[in-house]
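See below for the structure under consideration.
The values are calculated or read from the model by the stated rules, or taken from the named source; none is laboratory data. Nothing here was measured: the structure is a model prediction, and the numbers come from that model. So basically every Cβ, Gly included, is an ideal-geometry build from the backbone, and we count neighbours across all protein chains shown. Keep in mind that these areas ignore ligands, DNA and RNA; they rest on the heavy atoms of the full protein, side chains included. Shrake-Rupley method; radii C 1.70, N 1.55, O 1.52, S 1.80 Å.
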Amino acid sequence: MNQKYEVNPDVLVTDLDDELALLDPRTSRMYTLNAVGRVAWQALAGVGATAAELLDVIVQGFEVEEEQAREDLRSLLSDLERQGLIRPA
């Protein structure tokens, strides 16, 4: 969980209060992130963050067990990276 990630600067982001809509201009595909994904994305925006740092933000901000948050975060990061929305820093 020491890998650091950053957002793809080409992705267009629309803040919808408790979720985010992401548009990949290369593919014209739209993605939405729920409240937890929104918090993770916002933590990545700017200088990036490690998976461990994101896990801390999620566990502190939501009522979720650390193990469940870790599994969900791995899945989220994998999906975002596979779609080209984030990349290793």
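Things to note:
- Here is the figure for region 9-32: residues that are part of a strand (DSSP E or B) and touching a helix residue (DSSP H, G or I) at 6+ places or on another chain (Cβ under 6 Å) total 1.
- Answer from 67, 63 - the residue that is open to solvent by 40 Å² or more (accessible area, probe 1.4 Å) and over 19 Å from residue 19 (Cβ atoms): 67
- Taking residues in region 75-89 that are farther than 11 Å from residue 31 by Cβ and assigned to a helix (DSSP H, G or I), and partners anywhere that are open to solvent by 60 Å² or more (accessible area, probe 1.4 Å) and of a type in the set (S, T, N, Q), the pairs with Cβ atoms closer than 9 Å and at least 6 places apart or on different chains are 77/3.
- Qualifying residue in region 44-59 (condition: polar (S, T, N, Q) and either without any contact (Cβ under 8 Å) to a residue 12 or more places away in the chain or open to solvent by 80 Å² or more (accessible area, probe 1.4 Å) (or both)): no
- Residue that is farthest from the chain's Cα centre (by Cα), among those in region 20-32 that are without any contact (Cβ under 8 Å) to a residue 40 or more places away in the chain and surrounded by 12 or more Cβ atoms within 10 Å (Cβ to Cβ): 23
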